Every structure is written in structure tokens, then in C-alpha cells.
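Taken together, the values in this text are just the output of simple stated rules run on the coordinates, not laboratory data. Everything numeric here is computed off the predicted structure, so don't read it as measured data. Heads up, the Cβs are rebuilt from the backbone with ideal geometry, glycines too, and the neighbour counts pull from every protein chain shown.
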Amino acid sequence: MSEKNSKLVGAGVLSAVAASLCCITPVLALISGASGVAASFSWMEPARPYLIGITVLVLGFAWYQKIKPRTAEEIQCDCDEDEKKPFMQTKTFLGIVTVFSALMLAFPNYAHIFYPSNDHKEIIIVNASDIQSVTFDIKGMTCAGCASHVENDVNKLPGIVKVVAIYEEATAKIEFDQSKISLVQIEEAINGTGYKVVGRK
């Protein structure tokens, strides 16, 4: 693999990582405890399809360059065969990069496994009449990772009974104790994830 191809591979990895930053950042923030940066890259979500396209094109071209038939001139000059190629110029390395890129591109689809389960959350309800249900319409959620990010942040609030975010419907259905938390506080928490509440019912 030439220096040009090495740059192509680097560009492919960068675009693959960039395509998933919207979901990788909240998970890293969750692990490190730095929740303030969790929404830093949600603005990149609209560019995700383009970044995926760039990744596929760049890595596809790198593979083509690697496995295309050699020309007569290249066959006559066996300079490359005289010494062992560095690992970064091998098909094995390109294969590793391709698998890594595929894992990064798919990250939003399995990001939810990194979020803690709230099935065992202890909920103390003093007065059942204080429990309200609201559905927020949310702009910007495009994958399971986005929905898990919203659920995780809202579940940290006091008085939350249940949260179900569904990215396909662009909604979050929330049950909460109105004596412990307000709709405004819940909305602020959702907006704090980087996604935007556009309505509620």
C-alpha cells in the first residue's frame, strides 16, 4: 500500500469515527462521568449518511488499489518483492481497518448496551394522583443510541417513573411524579442531550 493509499485508509477511519461521534461521545461521557460534554457532537447527526458514504467510497477505493491486477511495468519491476512490506501496507492491516470502520459505522445501532438498565430503579410513589404522563416530540434522534441517551439522562432526574424513547417515532413517553419534578425540568434535560423538544402532548 503506497503512502497515498495509507492516507486514504486514514481518511476512511476518520470519516467512520466521525459518522458515529453523535453516539460515541455520550457513551464516553457516561463511562468517564463527564456528562457536560455528552451533547457535543449531536450536531453531526445530519451529516452521518454522507460520512458513511465517504467511508465506503474511500475504503472501497483502497481495496481496489490493493487487489487490482498489476500492470506489465509493475510485474517487470519486482522492487516491492525484494523486501518484506511493512505491516501497514498489507492486506491484513487494510482488513483490520475495514472491520474497525464497520464497527464504528454500526455503533449507533448497539450503543444502547453501554447504558445502565433502569429496570431495578426504586420508585417511591406517595400519591398516585401526582403521576402524570406526557409524550415529547423530539427532533434529531435517528438511532437506538440516540434514544438510549435520552432515556439515560431523563432517568437521572428525581420523580421519573418510566421513560421510553422511540427514535423511529421521534418521541419520548415519560411518566413522572409532578410533586417532584416539572415538565420544564424534563424538557431541559432532553434538550441537554443535544436533541430538541419540538412539542409535547
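From the backbone phi of the stretch 165-172, what are the Karplus-calculated ³J(HN,Hα) couplings (6.51 cos²θ - 1.76 cosθ + 1.60, θ = phi - 60°) in whole Hz, Gly and Pro given as x?
9, 10, 5, 5, 9, 6, 9, 9
Describe numerically, in nm with one decimal, the distance between label points set 7 Å from Cα along Cα→Cβ at Ser179 and at Gln132.
Modelled inter-label distance: 1.5 nm.
Taking R0 as 41 Å, what FRET efficiency do you get between Ile67 and Lys196 from their Cβ-Cβ distance, rounded to the nearest 0.05?
Efficiency, from the Cβ-Cβ distance: 0.35.
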